[in-house]
Amino acid sequence: MIRVWSDGELSGRLVRRGDRGSSFSYDPEASHDSAVSVSMPVRLPSWEWQTGLLPIFEQNLPEGYLRDRISRQFSKALGKFDDLDLLSVIGRTQMGRLRYSGDKDKPSEDVPFQSIDEILKSRRDGQLFDYLLEKFTSYSGISGVQPKVLIRDNMSDAGTWLSPSFRGATHIVKLWDPKEYPELAANEFFCLMAAARAGLEVPRHRLSEGGEALVIDRFDLKEDGQYIGMEDFCVLNGRNTNRKYDGSYETAIMKRAADFLGLEQWSKQGPDLFRLIVLNCLVRNGDAHLKNFALLYDDVNGDLRLAPVYDVVTTAAYLPKDQMALVLDGSSKWPDRARLIKLGQRTGLNARRTGEMIDQVAEAVASTRTELAAYQHVSPAFSQIAPKIISAWEDGLKNTALASDRLISHSATT
């Protein structure tokens, strides 16, 4: 049994249900403000789930390398090791406002200090990857297949507004396994650069000198040390992580966002959501699934907003035949311009305006490609993957955005 806390207040208790499911019951004293999700209001009956954890509690469970590492570390002591066990290990430090503790404990965040400057100045000695994972794995309640950890540096320039006594994580550090996805940190760095140039909100992000790590400031942390609510589109669609590739951009992303944002916020933020989908298509990110879009909120009963851009990479550089993570207009093939315009009109904009937005994103990608190409001279190792990223972007510009030959050729030779 695990106790669940939201904003430091006890919300309720999470237990196993039967052989495979889970059940969550709100504490009798829980206030409406301590609801664990925008789709799970405080009520007397328990919330039941037949298989695995309820989506809101599964949201931040690590996948891939990090999950395997934790499982190997704790399964010997616990016997079997399921999602509830994993949550009990990493539940004290999570993305978003929820925290987890044992039956008699209160959540206590005490993340070890780690200088961001040391990470940013690290060179390619092969030790950073193992060092950070060894030290921070059990403090890293953050989803994703790519290895990443949550660390604390409340003394850096990005954390100086926090109290010296603050013990929670302040940054996300994303790493990569050279055997699987070489130069993934630099890949994402330039994708985020393109996103910012396209007018999208992007958290502060920095690439280490050796290219081994991408350091991202947490975007769910307020200046007073309180955490912002965050729910990805698996949660908002009521789906477990194993269904993150199910659904369409029209329904599972656009319509669902409109439902939760409400008419006023949708009219403001719908175009940005469309712009983000366009970006993913142009940089050929075949991993833009339900968990890589999210909504944020300060008050679980208040307004929601689109989360800043995160987890955008050019997957086609590693998987040349990669396709979209979700379907669009009934197909997972990369869309043409007409299909994107049709999607954009769901935000209430006309075809001319959606076409202009596609062109703006294309300009951002093309200009960023120039700097991506130049980085090869700074990092010889990056030159092994850079041509594949550039080729994927050119494919997106030419066949999806229908960018002019002038735009494509100019950015390629600048």
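The values are calculated or read from the model by the stated rules, or taken from the named source; none is laboratory data. All values derive from a computational prediction rather than experimental measurement. Glycine also receives a Cβ, built like all others from the backbone with ideal geometry; neighbour counts cover every protein chain displayed.
Matching residues to (1) touching a Phe, Trp or Tyr at 6+ places or on another chain (Cβ under 9 Å); (2) part of a loop (DSSP other than H, G, I, E, B); (3) more than 27 Å from residue 388 (Cβ to Cβ):
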site: 310; (1), (2), (3): yes, yes, no
site: 313; (1), (2), (3): yes, yes, no
site: 319; (1), (2), (3): no, yes, no
site: 323; (1), (2), (3): yes, yes, no
site: 333; (1), (2), (3): no, yes, no
site: 341; (1), (2), (3): no, no, yes
site: 346; (1), (2), (3): yes, no, yes
site: 353; (1), (2), (3): no, no, yes
site: 356; (1), (2), (3): no, no, yes
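For every residue, the table says whether it meets (1) in contact with a helix residue (DSSP H, G or I) (Cβ under 6 Å, 6 or more places away or on another chain); (2) modelled with pLDDT under 95; (3) closer than 22 Å to residue 349 by Cβ; (4) surrounded by 18 or more Cβ atoms within 10 Å (Cβ to Cβ).
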site: 242; (1), (2), (3), (4): no, no, no, no
site: 246; (1), (2), (3), (4): no, no, no, no
site: 259; (1), (2), (3), (4): no, no, yes, no
site: 279; (1), (2), (3), (4): yes, no, yes, yes
site: 285; (1), (2), (3), (4): yes, no, no, yes
site: 289; (1), (2), (3), (4): no, no, no, yes
site: 293; (1), (2), (3), (4): yes, no, yes, yes
site: 321; (1), (2), (3), (4): no, no, no, no
site: 324; (1), (2), (3), (4): no, no, yes, yes
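Selection within the range 172-210: residues that are over 25 Å from residue 306 (Cα atoms) and of a type in the set (D, E, K, R). The member of this set that is surrounded by the fewest Cβ atoms within 10 Å (Cβ to Cβ) is 179. Just wondering, is there one or more residues in the range 232-240 that are at pLDDT 95 or above, among the small types (Gly, Ala, Ser) and closer than 24 Å to residue 307 by Cβ? So far as the range 232-240 goes, yes, one or more of its residues are at pLDDT 95 or above, among the small types (Gly, Ala, Ser) and closer than 24 Å to residue 307 by Cβ.
Every residue, every condition in (1) outside the structural domain of residue 181 (by the TED database); (2) surrounded by 13 or more Cβ atoms within 10 Å (Cβ to Cβ); (3) farther than 25 Å from residue 19 by Cβ, yes or no:
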{"site": "65", "(1), (2), (3)": "yes, yes, yes"}
{"site": "68", "(1), (2), (3)": "yes, no, no"}
{"site": "81", "(1), (2), (3)": "yes, yes, no"}
{"site": "88", "(1), (2), (3)": "yes, yes, no"}
{"site": "92", "(1), (2), (3)": "yes, yes, yes"}
{"site": "108", "(1), (2), (3)": "yes, no, yes"}
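Checked against the criterion of being modelled with pLDDT under 95, under 24 Å from residue 236 (Cβ atoms) and surrounded by fewer than 22 Cβ atoms within 10 Å (Cβ to Cβ), the candidates 20, 43 yield just one match: 20.
Looking only at residues in the range 94-106 that are surrounded by 17 or more Cβ atoms within 10 Å (Cβ to Cβ) and among the charged types (D, E, K, R), the one that is nearest to residue 3 (Cα to Cα) is 99.
All conditions in (1) buried (at least 21 other Cβ atoms within 10 Å of the Cβ); (2) of a type in the set (Ser, Thr, Tyr); (3) modelled with pLDDT of 95 or more hold for residue 347, with the sole exception of (3). In this structure, is residue 148 of a type outside the set (S, T, N, Q) and more than 22 Å from the chain's Cα centre (by Cα)? Taking the combined requirement at face value, the residue does not satisfy it.
Within the group 264, 212, which residue is assigned to a loop (DSSP other than H, G, I, E, B), over 30 Å from residue 52 (Cβ atoms) and among the charged types (D, E, K, R)? Give the steps one after another, and end with the answer.
Details: 264 fails: assigned to a loop (DSSP other than H, G, I, E, B).
When all the criteria are applied, what remains is 212.
Among the residues of the range 285-301, which ones are part of a loop (DSSP other than H, G, I, E, B) and in contact with a strand residue (DSSP E or B) (Cβ under 9 Å, 6 or more places away or on another chain)? Reasoning before the result, please.
Of the residues in the range 285-301, the ones part of a loop (DSSP other than H, G, I, E, B) are 285-289, 293, 298-301.
Of everything in the range 285-301, those that are part of a loop (DSSP other than H, G, I, E, B) and in contact with a strand residue (DSSP E or B) (Cβ under 9 Å, 6 or more places away or on another chain) turn out to be 293, 298, 299, 300.
Confirm whether residue 143 is modelled with pLDDT of 95 or more, assigned to a loop (DSSP other than H, G, I, E, B) and not assigned by the TED database to the domain that holds residue 86. Break it down into steps so the answer makes sense when it comes.
Values: modelled with pLDDT of 95 or more: yes; assigned to a loop (DSSP other than H, G, I, E, B): yes; not assigned by the TED database to the domain that holds residue 86: yes.
Considered against the rule, which asks whether it is modelled with pLDDT of 95 or more, assigned to a loop (DSSP other than H, G, I, E, B) and not assigned by the TED database to the domain that holds residue 86, residue 143 comes out as yes.
Take the conditions in contact (Cβ under 8 Å) with a residue 24 or more places away in the chain and over 22 Å from residue 188 (Cα atoms) and apply them to residue 402. Does it pass? Considered against the rule, which asks whether it is in contact (Cβ under 8 Å) with a residue 24 or more places away in the chain and over 22 Å from residue 188 (Cα atoms), residue 402 comes out as yes.
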